[in-house]
Amino acid sequence: SVPGAGITLGDLPIRDGLRGKSPYGAPQLQVPVILNTNENPHPPSRALIDDVTKAVAAASEELHRYPDRDAVALRSDLAAYLSGATGTPLSVENIWAANGSNEILQQILQAFGGPGRSAMGFVPSYSMHPIIADGTQTQWVPAHRTDDFSLDVARAVATIDEHRPDVIFVTSPNNPTGGSIPIDDLRAILDAAPGIVIVDEAYGEFSSQPSAVALLDEYGAKLIVSRTMSKAFAFAGGRLGYLAAAPAMIEALLLVRLPYHLSVLTQAAARAALQHATETLGNVAAIAAERDRVAAALARLGYTVIPSDSNFVLFGGLADAPATWRQYLDRGVLIRDVGIPRYLRATIGLPDENDAFLTVSAELAATAL
Ligand code: PMP
């Protein structure tokens, strides 16, 4: 056996706040149809692969040097992209970048959360928000969505007034439920918030609602909009998340970020991938059309389908969601049990993957519902 194999986690002097907690754990299984982590199912084009390869080769000439700590060139490219996509003019000082938006969120809680502070989210939502709160010793305060998983804004404001959280997470479109928050509801939350509001727009490119960056001018002292290249940009493996905020917010994050956190290779690859934004994002409409097809087919089969503004659907009416999840897996289709009783979440894949998912859904409908 390996050295140290006799030691258990319980033997280690971890903080009490981490005892009994579970790590993030979406299963990574090699099965024919993988629809469980909300990636873009379209692989990178040959042209993008070639450009990323060339950029990484050129950057490798400088591997003996540390990268640009402030990733200025990459942030400028991201500012140009996000300005174009949202119509809100943003400059390099409005953008910060990190290894995935998870690292962005962690840096925000390192700066604005911490011992004696609290973070609120509207659950069910992205499972990493409470995990990052635990990791930064920020008290997690779950507020609840309505039975149809939407946000009752009056109730949200009352809960904010009651708990006065230092940080509020609003995920739009929300993972795992799929709906976006209307901009007026967001405004009400921003007005009520005593501290920072993070709008997590990981799936922003799929949404029919305008981006919260439109509110940065008005709410610069409170608002941070988090985005990622992992979803619509088909760059999950590249690990590049970013945010848009007032320049002072980024000054705050410089206090907690590790120096040289974004490698030379990551910066070069992300910039090359961004050059292909138009082509990559051309798949967004096709994914949305597939989502609508899958949602309609599930509804016809008798499943409850939560309206989605994203690249996944939450569906339910299941007698035993964990057992049904297993039955999909036994048939080669990996979807996600997000822990909501009677519901499962399926990422939208390529048309033939969606067909495979729907074939199993049809087969299971008689017993699962
Ligand atoms: N926010 C939300 C709502 C997500 O669903 C995800 C990925 N599942 C992330 C953030 C983090 O993604 P990444 O670190 O790849 O940017």
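The values are calculated or read from the model by the stated rules, or taken from the named source; none is laboratory data. Please read these numbers as outputs of a predicted model, since none were measured by experiment. Neighbour counts are summed over all protein chains in view; Cβ atoms, including those assigned to glycine, are modelled from backbone coordinates with ideal geometry. Accessible surface is based on the protein model in full, side chains and every heavy atom, while ligands, DNA and RNA are left aside. Shrake-Rupley method; radii C 1.70, N 1.55, O 1.52, S 1.80 Å.
Where in the chain are the DSSP H helices whose C-alpha atoms run 18 Å or more along the long axis and whose mean Kyte hydropathy is at least 0.0?
Numbers: long enough: 46-60 (21 Å, 0.59); 72-86 (21 Å, 0.72); 100-112 (19 Å, 0.19); 283-300 (26 Å, 0.39); 351-368 (25 Å, 0.13).
The answer, listed by residue number, is 46-60, 72-86, 100-112, 283-300, 351-368.
For segment 1-103, the per residue solvent-accessible surface stands at 62 Å², with DNA, RNA and ligands left out and a 1.4 Å probe.
Placing 301, 253 in order of accessible area, with the largest value first and a 1.4 Å probe, yields 301, 253.
May I ask for the net charge around residue 118, where only other residues with Cβ less than 14 Å from the Cβ of residue 118 are counted and Lys, Arg are +1 while Asp, Glu are -1?
Working: positive: 117, 164; negative: 134, 161, 162, 166.
Local charge sum for residue 118: -2.
Within the shell of other residues whose beta carbon sits under 13 angstrom from the beta carbon of residue 166, the net charge comes to +3, with Lys and Arg scored +1 and Asp and Glu -1. Using a probe radius of 1.4 angstrom, the carbon and sulfur fraction of the accessible surface of the chain is 54%. Under 5 Å between amide hydrogens, built in the peptide plane, is the criterion, and for residue 121 it picks out 141, 143, 169 among residues at least 5 positions away or on other chains.
If you take the Cα centroid of segment 29-68 and the Cα centroid of segment 77-130, the two points sit 22 Å apart.
Taking the Cβ of residue 134 as the centre, find all other residues whose Cβ is under 10 Å away and add up their charges (Lys, Arg: +1; Asp, Glu: -1). The answer is +2. When both segment 170-187 and segment 265-290 are represented by their alpha-carbon centers, they are found 23 Å apart. Close amide-amide hydrogen proximity is noted between residue 179 and 174, 309, each under 5 Å apart and 5 or more residues distant or on a separate chain (H modeled in the peptide plane; Pro and chain starts excluded).
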